[in-house]
1. Tell me the trypsin sites (Lys or Arg not before Pro) within the range 230-289 that lie in a loop according to DSSP and have at most 16 other beta-carbon atoms within 10 Å.
2. Hey, can you grab everything whose amide H is under 5 Å from the amide H of Phe25? Only 5+ residues off in sequence or another chain; H modelled, so Pro and N-termini drop out.
3. Using DSSP to define loop residues, name the trypsin sites (Lys or Arg not before Pro) in the range 68-146 whose beta-carbon has at most 13 other beta-carbon atoms within 10 Å.
4. Pop the C-beta distance of Lys380 and Asp133 into the FRET formula with R0 = 30 Å and round what comes out to the nearest 0.05.
5. With point charges of +1 on the Cβ of Lys and Arg and -1 on the Cβ of Asp and Glu, referenced to the Cα centre of the range 187-299, which listed residue (Ala284, Ser246, Ser266) lies farthest in the positive direction of the dipole?
6. Can you list the aspartates and glutamates whose alpha carbon sits under 15 Å from that of Lys97, skipping same-chain ones fewer than 8 residues off?
7. Which one of Leu181, Gly113, Thr139 is farthest out on the positive end of the charge dipole of the range 84-187, using unit charges on Cβ (Lys, Arg +1; Asp, Glu -1) and the Cα centre as origin?
8. Quick one: dipole size for the chain, taken about the Cα centre, charges +1 on Lys/Arg Cβ and -1 on Asp/Glu Cβ, in debye to the nearest 20.
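Nothing in this text is a laboratory measurement; each read-out follows from the coordinates by a stated rule. All values derive from a computational prediction rather than experimental measurement. Glycine also receives a Cβ, built like all others from the backbone with ideal geometry; neighbour counts cover every protein chain displayed.
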Amino acid sequence: MQIHPLIATSEELASLVDRLKTQPFIAVDTEFMRENTYWPELCLIQVASTEEAAAIDPLADIDLKPLLDLLVNNEDVLKVFHAGGQDLEIVHNLTGKTPYPLFDTQIAAMALGHGEQIGYSNLIESLLGHSLDKGARFTDWSRRPLDKRQIDYAIADVTHLATVFPKMVEKLRRNGRGAWLDEEMERLADPSSFAFEPEDAWKRLKLPSRNPAVLGRLKAVAAWRETEARSKNLPRGRIVKDDTLSEIVLHPPKTQDDLGKIRGLSAGWRANDIGARLMATIAASKPLEADELPDREPRRPGLTKDGVLISDLLKLLLKIRSKEIGVAARLIARSDDLEALAAGVRKDLNILKGWRFDQFGKDALDLVEGRLGFGVENGKLKMSRIAEAPAD
């Protein structure tokens, strides 16, 4: 595989992209910094095919459009990532779209028995038999110039990815599990996962109360903080920490001067513009309407005491089945689906559809409907069929 020097000109990048367009897939990775900013600062992009690999410097005077177009508009080339959530977020921030079609090797690893969230180094060691150099992982990628070791370290991520991807695809093809991943990859590529309005920011916070007036202030103040953080490109916590935000909405200051008495805010908030904007936000907030109030247990059906026990049995069954077929339990079913099944829900559950039904849902349904039981034989837990499912 040809390894190119760091690409820092638009001409070099355009030439590279022209060649990558002809490939069936490319491996992609990014290096970024976000400790001191709201938006992740893209510092390096690495790409590789089976023939060549390169690192691209987005901090240089370079036009990234050809590469971004390849990622989000060219459906002939598959884009391969490992644990690509943050990489996809960066691309979405730049384009409003996500790479498509895509393949995430961490998700694929779940279908191949490597556990739920295997790290990249462990995956490479497992599939290629050698460990990665981790010496440059704490690099400040925003500093220039980057030395050869840093660039080699970054490029190695995609060269190894381009090597393991075909091996993983072949294993998935042999065991017939490739189609199992389609839904997961589509969900990962959904642009709505990376775009949310400031008005929804409160839903990501721990609720300090269920009082509609408090929640109304939480919604307003969380949206205000999100807007301030975005406009200043600062982490949310640099504007107001979560604990301080909860204190403000629980015990709202009556005057701007009172802001100086709140732990976590500086005395300057008594008279500065940001303090004035916060006070205006609090004053304009309104109690949440009844239809906006969150469920006490979001997305969870009401479980009786027996339902909780049934849910626990389903989790045990899931553990047994995932071990038997060598697939991470998280890929088969999520707790919400198990709790819904235990509560009597039978519609719109992923575990009652497709391969999940064949591999787990059928037994899960038999368990909750009394046709399957657990027993102990010779000190080992086993499942036993009590009755057959009724014919359709």
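1. Numbers: sites: Arg230, Lys232, Arg236, Arg238, Lys241, Lys254, Lys261, Arg263, Arg270, Arg277; in loops: Lys241, Lys254, Arg263.
Filter output for the range 230-289: Lys241, Lys254, Arg263.
2. Sorted by chain and number, the residues that satisfy this are Leu78.
3. Working: sites: Lys79, Lys97, Lys134, Arg137, Arg143; in loops: Lys97, Lys134, Arg137, Arg143.
Answer in residue order: Lys134, Arg137, Arg143.
4. Values: r = 44 Å, r/R0 = 1.46.
The value I calculate is 0.10.
5. Ser266
6. Asp69, Glu75, Asp87, Glu89, Glu186, Asp190
7. Thr139
8. Numbers: 55 positive and 61 negative charges, 287 e Å.
Rounded to the nearest 20 debye, it is 1380 debye.
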